[in-house]
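Here's the structure we're looking at; comments come further down.
Rule-based calculations on the coordinates, nothing more; no lab input. In this text the structure is predicted, and so the values were computed from the model without any measurement. Here the Cβ positions follow ideal geometry from the backbone for every residue, glycine too, while neighbour counts run over all protein chains shown.
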Amino acid sequence: MIFERPKNKVKRPFPFTFYLFTFNRILPRNQLPFIPVQYLKLLRPHHWVKNLFLFIPLFFAGELFYLSVIGKLIVAFFSFSLVASSVYIINDYKDIEADRKHPVKCKRPLASGAVPRPAALVFLVLCLALGLGLAWYVKPKFLFVVSIYFVLNLFYSLGLKNISILDIIILSIGFVLRIKAGGIASDTAVSSWLIVMVFLLALFMAVAKRRDDVLIRHASGQEMRKAAKGYNMDFMNVMLALLSAVIIVCYLMYTLDPATMKRFETYRLYYTTLFVIAGLLRYLQITYVDNNTGSPTKILYKDRFIQLTIALWILSFYVIIYLPANKSFFD
């Protein structure tokens with residue numbers, strides 16, 4: 001239902017008034033011009049790229065260009081992103097003192113003092129309420145999955161992240177929940193192969209990220225995470241080698257599976273393995289040679305090789321799945 005504003009009433013700048021009412025009592029006036037930038041950083045919008053995983057089930061189903069479904073998925077994307085941002089705020093709030101010792105995380109809004117704690121809590125409630133409201137609008141079952149994601153990550157922030165191995169497993173489950181949520185929002189079935197591959201890939205990146213924490217510990221002598229006490233370089237290197245091999249084998253088995261070939265009416269999907277191997281090798285190169293895997297998101301934004309690999313993988317899959325209608329074109 002759409003409500004129209006009566007013409008005889010004067011428009012009131014509610015959003016701006018509410019904005020000042022909420023934050024003017026928390027921040028000094030000379031800091032107000034910086035509020036939008038600092039609160040935007042608090043949301044970590046650059047991490048929202050992770051929520052593009054919601055679109056993966058629809059892409060693999062060959063229905064990416066169904067506009068009615070895409071519209072609902074876009075709403076689902078912003079819903080999941082806002083809930084994820086509320087988790088980031090909780091995590092930053094809990095880790096203020098620890099982040100101040102970190103060479104990179106010390107620049108975060110809460111750790112640096114750019115955003116006061118009371119204001120962050122207000123922003124947290126707003127993000128969570130809006131995110132859950134949009135989730136209900138998409139579908140009650142979608143709200144259920146998003147709620148599981150929030151509760152799981154809430155316990156992660158409150159202490160589970162300090163338990164070695166369990167911390168990286170929870171991070172990986174978060175990506176699986178994104179896949180499940182995307183399938184629910186788009187009414188698309190999610191295959192077990194897709195769930196397994198996404199979990200393994202997320203676990204691989206989480207291990208690489210923890211390896212970076214171990215490197216910082218060796219360089220600075222300070223413990224960045226409590227969970228890092230259960231890791232060392234040898235253990236992390238073995239896990240990376242193991243996971244990369246399992247991912248490649250799993251992906252090959254998926255593309256050569258008779259059910260997959262029957263579903264997509266082609267056996268050519270294994271061609272795309274080339275880009276999966278290239279992407280993994282590049283990530284391992286960044287990990288072992290450059291020693292720079294502290295943020296997988298930053299690598300995705302900055303590394304041209306990985307960007308090109310992902311683009312070519314998507315393009316190759318698009319050509320095979322969507323074009324042409326006659327699959328004998330590739331024979």
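Note on residue 70 and residue 310: the model spin-label points, each 7 Å out from Cα along the C-beta direction, lie 1.9 nm apart.
Semi-axes of the equivalent ellipsoid for the range 191-326, computed as √(5λ) from the eigenvalues of its C-alpha gyration tensor and ordered from largest down, come to 33, 16, 11 Å. When the square roots of the Cα gyration tensor eigenvalues are ordered a ≥ b ≥ c, the ratio a/c for the range 218-272 is 1.5 or more and a/b exceeds b/c, which makes its shape prolate. Extension gain for residue 136 to residue 261 (0.36 nm times residue separation, less C-alpha to C-alpha distance): 41.4 nm.
Taking the alpha carbon gyration tensor of the range 259-318, multiplying each eigenvalue by 5 and rooting it gives semi-axes of 28, 11, 9 Å, largest first.
Normalised by the number of residues in the range 191-326, the average gap of Cα pairs under 8 Å and 6 or more apart makes the relative contact order 26 percent. For the cross-link pairs 180/262; 105/226; 41/302, the ones whose C-alpha atoms lie over 20 Å apart are 180/262.
Sequence-ordered 3J(HN,Hα) estimates for the range 226-243 from the Karplus curve with 6.51, -1.76 and 1.60 and θ = phi - 60° stand at 5, 5, 5, 5, x, 10, 9, 4, 4, 5, 5, 5, 5, 5, 5, 5, 5, 5 Hz, glycine and proline given as x. The magnitude of the dipole of the range 191-326, with charges of +1 and -1 set on the Cβ of Lys/Arg and Asp/Glu and taken from the Cα centre, is near 240 debye. With one equal scatterer per alpha carbon and no solvent term, the Debye-computed log10 I(q)/I(0) for the range 41-184 at 0.09, 0.18, 0.20, 0.22 1/Å reads -0.29, -1.04, -1.21, -1.37.
Show me the chymotrypsin sites (Phe, Trp or Tyr not before Pro) within the range 202-270 that DSSP assigns to loop and that have at most 14 other Cβ atoms within 10 Å of their Cβ. Taking the range 202-270 and a limit of 14 other Cβ atoms within 10 Å, no loop chymotrypsin sites (Phe, Trp or Tyr not before Pro) are found.
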